[in-house]
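The values are calculated or read from the model by the stated rules, or taken from the named source; none is laboratory data. Given the structure is predicted, the values throughout are model-derived calculations rather than measurements. Cβ placement follows ideal geometry from the backbone for every residue including glycine, while neighbour counts extend to all protein chains displayed. The area values use the complete protein model at the heavy-atom level, side chains included, leaving out ligands, DNA and RNA. Shrake-Rupley method; radii C 1.70, N 1.55, O 1.52, S 1.80 Å.
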Amino acid sequence: MASLSIPGVGDPDETGLSAPVCRTVTPGGDVLLLVPGDSAAARAAAHAQDDDLTAVMEITDVAPVSVPHRIRGRAWVAGWLTPVRNEQRAEAAMLLAERHPVGELLGIGEALQPDPAPGLYGRTAWMMLRLEVGEGAVDDLWGAEQVEPDEFATAAPDPLAAHEAELLQHLHAAHNEQVGGLCALLGDRRELCGLRDRAVPVGLDRFGLRVRFTDAEQRSFDARFDFPEPVRDVAELRRAMHLLFEAAAE
């Protein structure tokens, strides 16, 4: 989930899962946002013209499985907001449509004009904005730290990100006993295996799996199980998970 706020401009506009909008990052590290044309963000950006309009985007990372305390982390990206105009519109629209199912909203597949006239394809309901990143910060299960704009621009998406929700739900539904058995790999913390009444996988990336162990009294702790080496796709993930389950069963 994400929200976009502009100092001095009303309440934050919802730009996450609950609204028919999307966001993506350009190869240069800017953030493209699709917002309703009548939103406070769209009106403020249009009114500002070429003046610097500062904005902050907050992203909340929520575990895609049912557990207490589902928020895994938050991130903030601050910078300067401008409308995407003229010849940049087509390129931005194609990038958004390529990564999200919004091509129909943007008129992709029709003769996309550089700057559509009012009413053309019904696209006056949407505005594309560009957030030029000035600074960022992350506060998650691994700790808190600042993110520099060049680090943000060069960061590569995790190869499992698009499949994480489905994979975690599958592990929870089809391999719950094996996930709980991973407690045997905790070394000096094996005495905590008494908290195995419920074991839920709450995070998955190319480096490993995070599991939350909870007992009947709702006491819980998270454990991280690292893969021998980073995985590059779902096929390598299957092999890495198989090795983890085998090691826990020994």
Open item on the list: Below 14 angstrom from the Cβ of ALA162, what's the summed charge of the other residues (Lys, Arg +1; Asp, Glu -1)?
Closed with: -3
- [ ] Compare the peptides 66-79, 22-35 by average per-residue count of other Cβ atoms within 10 angstrom and give them in order, highest first.
- [x] 22-35, 66-79
- [ ] Hey, can you grab everything whose amide H is under 5 Å from the amide H of LEU160? Only 5+ residues off in sequence or another chain; H modelled, so Pro and N-termini drop out.
- [x] ARG206
TODO: Quick one: which residues, 5 or more positions from ARG70 or on another chain, have an amide H under 5 Å from its amide H? H modelled 1.01 Å from N in the peptide plane, none for Pro or chain starts.
DONE: none
Task: Candidate residues HIS100, HIS163: accessible-area rank, largest first, probe 1.4 Å - done: HIS163, HIS100
Open item on the list: Tell me which of ALA46, VAL31, TRP76 sits at the most positive position along the dipole axis of region 20-96, charges placed on C-beta atoms (Lys, Arg +1; Asp, Glu -1).
Closed with: TRP76
Open item on the list: Can you list residues from other chains, or at least 5 along the same chain, whose modelled amide H is less than 5 Å from the amide H of VAL202?
Closed with: ARG210, VAL211, ARG212
